[in-house]
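Chemist: The structure that follows is given in the form of structure tokens.
The values are calculated or read from the model by the stated rules, or taken from the named source; none is laboratory data. Everything numeric in this text was worked out from a predicted model, so none of it was measured. With ideal geometry, Cβ positions are generated from the backbone for all residues, glycine too; neighbour counts draw on all protein chains shown. These accessible areas exclude ligands, DNA and RNA; they are computed on the full protein's heavy atoms, side chains included. Shrake-Rupley method; radii C 1.70, N 1.55, O 1.52, S 1.80 Å.
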Amino acid sequence: MKVSWQKWCFHLPLVQHLKSYNLKALRSDLKAGLNVSLLDFPQGMAYAMIAGLPVQFGIYASAIGSTIGPLFASSRYLMLGPTNASAVLLLSAFLVLDVSDEQRLVVLPLLIIMVSAFLFLGVFLQAHVILQYVSRSVVVGYITAAACLIIVNQLRHVLGIEVPRSGTFWEALILTGARLLEANQETIFLSLFTIGLYLLCKFFFKKLPAIAVALVLAGVVYYALNAKGLELQTLPPLPLASWPVSLPEIGFSLISQLASPAFAIAFLTLLESSSIAKTLAAKSGDRLDVKQQMFSMGAANFCNAFASGMPVSGSLTRSIVNFESGAKTPIASMISGGILVAGVLTLGPLIGYIPKAALATLVLVVGVSLFQYKTIKTVVLTTRSDMVTFLVTFLGGLFFPLDMAIYLGVGTSLILFIKKVSKPSIVEYAFDEQGALGERNKASSDRPAISIVHVEGDLFFGATDLFLEEMRRMVLVPHLKVMILRLRNARNLDASAALAIIELVHLAKEEGRSVLVSGVHKEVEQVFIQSGLMKLIGSENVFHYTPQNLTMSTRNALKRAQEIIGRDDADIILLTQRKDNKRSRVSKSDRESH
């Protein structure tokens, strides 16, 4: 029974925090929870508006994410709730599916359940490992494209014009531009007034929650103007003490339609949340379990599917506020969630006094803030591959649905990564007469040669062709008698690598050469045994890696090579990989006596 309880505690990290919880930690968590909730309430409405949903869906999602997530979360600072990135991706999915406002509320619960299912599946398959192969340029490109789509989709509310919904930025821009002359002057005035209030709070009253204050004051001003006959569209009020339950409608046809956007949202939330959580863990010195964090997001999304919510992810702004406000435990997130629950149940009717134009204006401001100019500059100017990945993702997000942009960006990132690691450039070094390492003299020598090939990095299917090409060239070097493959730093050997080495051994035997292997780890040994390489090369010609002495296996391989040749004055040719990953030849004739 004790073991079972300990395993359950592992899946509930919150229990570990509660063991040492005290009044001092509670005070810190109360302060952080209150600060976050003041930002969370208006942001939740804004993100729901971005997604084209009723504003209360954003508040519900924030409340559930802030309450359920901390039960399972590894990070004590990460705040779960709707975000710009996930909201705009949800909007793009709705527009591509071409569903009406009423139909969105019908398909949404099933979509969220599918997002949750993908996250749970990712936990089981250890999918978080894939993130290290996805360039940061993908995220930057996606967020930049999403910012453009947010801005163009909110212009119709800011200007008071009617514009048909569209699934891409380019189409939305054309449709909005065609209706600019129909802009409503009163709506524009209120929008400009809201921006003025926001900027005033932002720059002169920095301790106040600028978005919340701007919304409240805009609502007060509109209420006063409405009494004098000004009528503008407002947000629908929420019934007092009302929180509807949502039930998914399941159908195979609908599941197939929602699979792509659900997977894209799940992948994006994992990418976004892990990046934020790692940053905060590095600042605080905490240890982060990404797999556990993924499970917490899956649980929060699953609950949101039945609580009239929307997909949740890790929020950068709210997480930073939580961290800087001095939160000690995940209880701070739960306090914020509790305040949101109380607020939506008691203040719901007051939402009806907020003009749509005011909220849309603040959403537009948030969209503009997503343009990370310094980050974009770094991404574009650092390397060519980063620039290409960014441009493919960004342009894909402008002309195609955003889930397609993510797939294009991730695909480009992986292709460029594989292209880099699949070029194991081989460089030839040797010792000169004075014992120094340098370029090998190409003049012929009558002495037999022993080549030591140092294989560095990944040796998988993407790298084997070039590896085999280089090895074939080396096998044909005049006077070469023995080739030693040093695999101590080789990783990810697969069937393609095994077949390449088998082909190399056969070619070497045809040319009268011998192949030895040194620095063999257990993983490499397993591949050798299962593929038949161990039998082909001979166990006496395979030398295992010894952590106590890093060079022992290569030294033993050299002794074995001397036995095969029958003399100890052979030329030793060292082959390794250039640090700049560019193919070149640097070798010098030498003579080494043993």
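Chemist: Return a yes/no flag: does the range 322-338 have any residue that is farther than 27 Å from residue 148 by Cβ, out of contact with any Ser or Thr (no Cβ under 7 Å at 6 or more places or on another chain), of a type in the set (A, V, I, L, M) and assigned to a loop (DSSP other than H, G, I, E, B).
Modeler: No, every residue in the range 322-338 fails to be farther than 27 Å from residue 148 by Cβ, out of contact with any Ser or Thr (no Cβ under 7 Å at 6 or more places or on another chain), of a type in the set (A, V, I, L, M) and assigned to a loop (DSSP other than H, G, I, E, B).
Chemist: Okay, next question. Does residue 184 meet the test of being surrounded by 13 or more Cβ atoms within 10 Å (Cβ to Cβ) and either of a type in the set (A, V, I, L, M, F, W, C) or at pLDDT below 85 (or both)?
Modeler: Working: surrounded by 13 or more Cβ atoms within 10 Å (Cβ to Cβ): yes; either of a type in the set (A, V, I, L, M, F, W, C) or at pLDDT below 85 (or both): no.
So residue 184 does not fit the description; no.
Chemist: Still on this structure, please answer the following. Residue check, residue 129 against (1) modelled with pLDDT of 90 or more; (2) among the β-branched types (Val, Ile, Thr); (3) open to solvent by 10 Å² or more (accessible area, probe 1.4 Å); (4) over 15 Å from residue 299 (Cα atoms), all met but one. Which one?
Modeler: (1)
Chemist: Hey, another quick one. Would you call residue 449 modelled with pLDDT of 75 or more and within 26 Å of residue 538 (Cβ to Cβ)?
Modeler: Yes: the conditions hold for residue 449.
Chemist: When you look at residue 494, is it acidic (Asp, Glu), modelled with pLDDT under 85 and loosely packed, with under 15 Cβ neighbours inside 10 Å, yes or no?
Modeler: Criteria not met by residue 494.
Chemist: Also, quick follow-up: In the range 313-328, which residues are open to solvent by 10 Å² or more (accessible area, probe 1.4 Å) and not charged (D, E, K, R)?
Modeler: 316, 317, 320, 321, 323, 325, 326
Chemist: Any chance the range 231-239 includes a residue that's of a type in the set (S, T, N, Q), buried (at least 17 other Cβ atoms within 10 Å of the Cβ), over 30 Å from residue 189 (Cβ atoms) and over 16 Å from the mean Cα position of the chain (by Cα)? Write out each step before concluding.
Modeler: Going through the range 231-239, the residues of a type in the set (S, T, N, Q) turn out to be 233-234.
Filter once more, so that each one left must be buried (at least 17 other Cβ atoms within 10 Å of the Cβ): 234.
Next, from what is left, pick out any that are over 30 Å from residue 189 (Cβ atoms): none.
No: the range 231-239 contains no residue that is of a type in the set (S, T, N, Q), buried (at least 17 other Cβ atoms within 10 Å of the Cβ), over 30 Å from residue 189 (Cβ atoms) and over 16 Å from the mean Cα position of the chain (by Cα).
Chemist: Follow-up. Specify which of the listed residues (339, 376, 335) is in contact with a helix residue (DSSP H, G or I) (Cβ under 8 Å, 6 or more places away or on another chain) and either open to solvent by 40 Å² or more (accessible area, probe 1.4 Å) or at pLDDT below 85 (or both).
Modeler: 339
Chemist: Hey, another quick one. Among all residue pairs at least 6 apart or on different chains, which show Cβ distances below 7 Å where the first residue, located in the range 190-212, is touching a residue at least 24 places away in the same chain (Cβ under 8 Å) and the second is in a loop (DSSP other than H, G, I, E, B) and of a type outside the set (Lys, Arg)?
Modeler: 190/232
Chemist: When both residues are 6+ apart or on different chains and their Cβ atoms are under 6 Å apart, which pairs have a first residue that lies in the range 484-504 and is among the charged types (D, E, K, R), and a second that is part of a helix (DSSP H, G or I)?
Modeler: 486/554
Chemist: Kindly list, by first and then second residue, each pair from a residue in the range 167-187 that is more than 19 Å from residue 52 (Cα to Cα) and assigned to a helix (DSSP H, G or I) to a residue that is open to solvent by 50 Å² or more (accessible area, probe 1.4 Å) and charged (D, E, K, R), limited to pairs with Cβ atoms under 9 Å and residues at least 6 apart or on different chains.
Modeler: 182/162; 186/231; 187/356
Chemist: Being open to solvent by 20 Å² or more (accessible area, probe 1.4 Å), touching a residue at least 40 places away in the same chain (Cβ under 8 Å) and aromatic (Phe, Trp, Tyr) is true for just one of 118, 124, 94. Which residue is that?
Modeler: The unique qualifying residue is 118.
Chemist: Taking the options 319, 308, name whichever one is part of a loop (DSSP other than H, G, I, E, B) and either over 20 Å from the mean Cα position of the chain (by Cα) or at pLDDT 85 or above (or both). Talk me through it step by step, then tell me what you get.
Modeler: Values: 319 fails: part of a loop (DSSP other than H, G, I, E, B).
So the residue among 319, 308 that is part of a loop (DSSP other than H, G, I, E, B) and either over 20 Å from the mean Cα position of the chain (by Cα) or at pLDDT 85 or above (or both) is 308.
Chemist: Does any residue of the range 37-57 turn out to be out of contact with any Leu (no Cβ under 6 Å at 6 or more places or on another chain), open to solvent by 10 Å² or more (accessible area, probe 1.4 Å) and farther than 30 Å from residue 103 by Cβ?
Modeler: Scanning the range 37-57, I find at least one residue that is out of contact with any Leu (no Cβ under 6 Å at 6 or more places or on another chain), open to solvent by 10 Å² or more (accessible area, probe 1.4 Å) and farther than 30 Å from residue 103 by Cβ, so the answer is yes.
Chemist: May I pose another question? Does residue 196 satisfy the condition of being open to solvent by 10 Å² or more (accessible area, probe 1.4 Å), under 22 Å from residue 46 (Cβ atoms) and small (Gly, Ala, Ser)?
Modeler: yes
Chemist: A follow-up question, please. For the range 199-209, which positions are in a helix (DSSP H, G or I) and surrounded by fewer than 18 Cβ atoms within 10 Å (Cβ to Cβ)?
Modeler: Within the range 199-209, 199, 200, 202, 203, 204 qualify.
Chemist: Out of all the residues in the range 8-21, is one or more of a type in the set (D, E, K, R) and modelled with pLDDT of 85 or more? Spell out the reasoning first.
Modeler: Going residue by residue through the range 8-21, those that are of a type in the set (D, E, K, R) are 19.
With modelled with pLDDT of 85 or more added as a condition, the list becomes none.
Taking every residue of the range 8-21 in turn, none turns out to be of a type in the set (D, E, K, R) and modelled with pLDDT of 85 or more.
Chemist: Still on this structure, please answer the following. Checking the structure you have, find out if any residue of the range 50-57 is outside any helix (DSSP H, G or I), among the polar types (S, T, N, Q) and in contact (Cβ under 8 Å) with a residue 60 or more places away in the chain.
Modeler: Scanning the range 50-57, I find no residue that is outside any helix (DSSP H, G or I), among the polar types (S, T, N, Q) and in contact (Cβ under 8 Å) with a residue 60 or more places away in the chain, so the answer is no.
Chemist: Test of understanding: among 383, 361, 389, which residue is over 30 Å from residue 187 (Cα atoms) and at pLDDT 85 or above?
Modeler: Matching residue, one of 383, 361, 389: 389.
Chemist: Considering each of 532, 566 in turn, give the residue that is open to solvent by 40 Å² or more (accessible area, probe 1.4 Å) and at pLDDT below 90.
Modeler: Numbers: 532 fails: open to solvent by 40 Å² or more (accessible area, probe 1.4 Å).
That would be 566, the only listed residue that is open to solvent by 40 Å² or more (accessible area, probe 1.4 Å) and at pLDDT below 90.
Chemist: Just one of the numbered conditions (1) in contact with a Phe, Trp or Tyr (Cβ under 9 Å, 6 or more places away or on another chain); (2) open to solvent by 10 Å² or more (accessible area, probe 1.4 Å) is not true of residue 31; which one?
Modeler: (1)
Chemist: Of everything in the range 259-283, what is among the charged types (D, E, K, R) and open to solvent by less than 10 Å² (accessible area, probe 1.4 Å)? Give them in sequence order.
Modeler: Taking the range 259-283 first, the residues among the charged types (D, E, K, R) are 272, 278, 283.
Result: no residue meets the conditions.
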